[in-house]
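Student: Okay, here's the structure, questions in a sec.
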Amino acid sequence: MDGSYNGSHGIDFDANLAIHTIDFGTFHLYPFSWSEETPSAMIWGHDWITHHRDSQAKYNKPVLMEEFGVRPEQNQIATYENWYSTVIDSGLTGVLIWQAGSNFTNGPTPDDGDAIYPNTPVYHMEQAYSIQLRARNGTP
């Protein structure tokens, strides 16, 4: 078990989710920023999602992957497809992207490297998965 799980790098997710006045949990997923590149960010992220889904089931509380990112040069679309499929197949409650970008007449909104802009391949991929997630959750 690495430091991402045992609380030595921040918090103990399960201990916090177990608090009776906490209604739901959220987690982030930035494997490259966290130096979790072995064997691959995609696989590590898949496991990170399923472990948080296990916590969701254990405490019977909704859990959201609230913030996540890999850069385009880090196999972004394939990684996100894997992670979204994991969320949908595992029953994790849902996903919130970190940074939705916009394009204005004077240029794009600021981008920390993880922004998702309209009419890009990753934007269209996320649209498709959001439809699947809503359907899985019974939302029109």
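The values are calculated or read from the model by the stated rules, or taken from the named source; none is laboratory data. All of these numbers come straight from a predicted model, not from anything done at the bench. Quick reminder, even Gly has a Cβ in these numbers, built from the backbone with ideal geometry, and neighbours come from all protein chains shown.
Student: Which of the residues belonging to segment 49-81 are modelled with pLDDT under 95 and either more than 23 Å from Pro121 (Cα to Cα) or aromatic (Phe, Trp, Tyr) (or both)?
Tutor: Result: Phe68, Tyr80.
Student: If you check Pro118 against the conditions, is it surrounded by 11 or more Cβ atoms within 10 Å (Cβ to Cβ), modelled with pLDDT of 95 or more and farther than 26 Å from Ser40 by Cβ?
Tutor: Spelling it out, it is not the case that Pro118 is surrounded by 11 or more Cβ atoms within 10 Å (Cβ to Cβ), modelled with pLDDT of 95 or more and farther than 26 Å from Ser40 by Cβ.
Student: Give the residues of segment 85-101 that are in contact with a strand residue (DSSP E or B) (Cβ under 7 Å, 6 or more places away or on another chain) and either of a type in the set (S, T, N, Q) or within 13 Å of Phe68 (Cα to Cα) (or both), sorted by residue number.
Tutor: Correct list: Val87, Thr93, Gly94, Val95, Leu96, Ile97, Trp98, Gln99, Ala100.
Student: Can I ask one more? Considering each residue of segment 17-48, count those that are over 21 Å from Asp89 (Cβ atoms), in contact with a strand residue (DSSP E or B) (Cβ under 9 Å, 6 or more places away or on another chain) and at pLDDT 95 or above, and give that number.
Tutor: Residues that pass the stated criteria total 1.
Student: Thr139 fails exactly one of the following numbered conditions: (1) at pLDDT below 90; (2) not in a loop (DSSP other than H, G, I, E, B). What is the number of that condition?
Tutor: Status for Thr139: all satisfied but (2).
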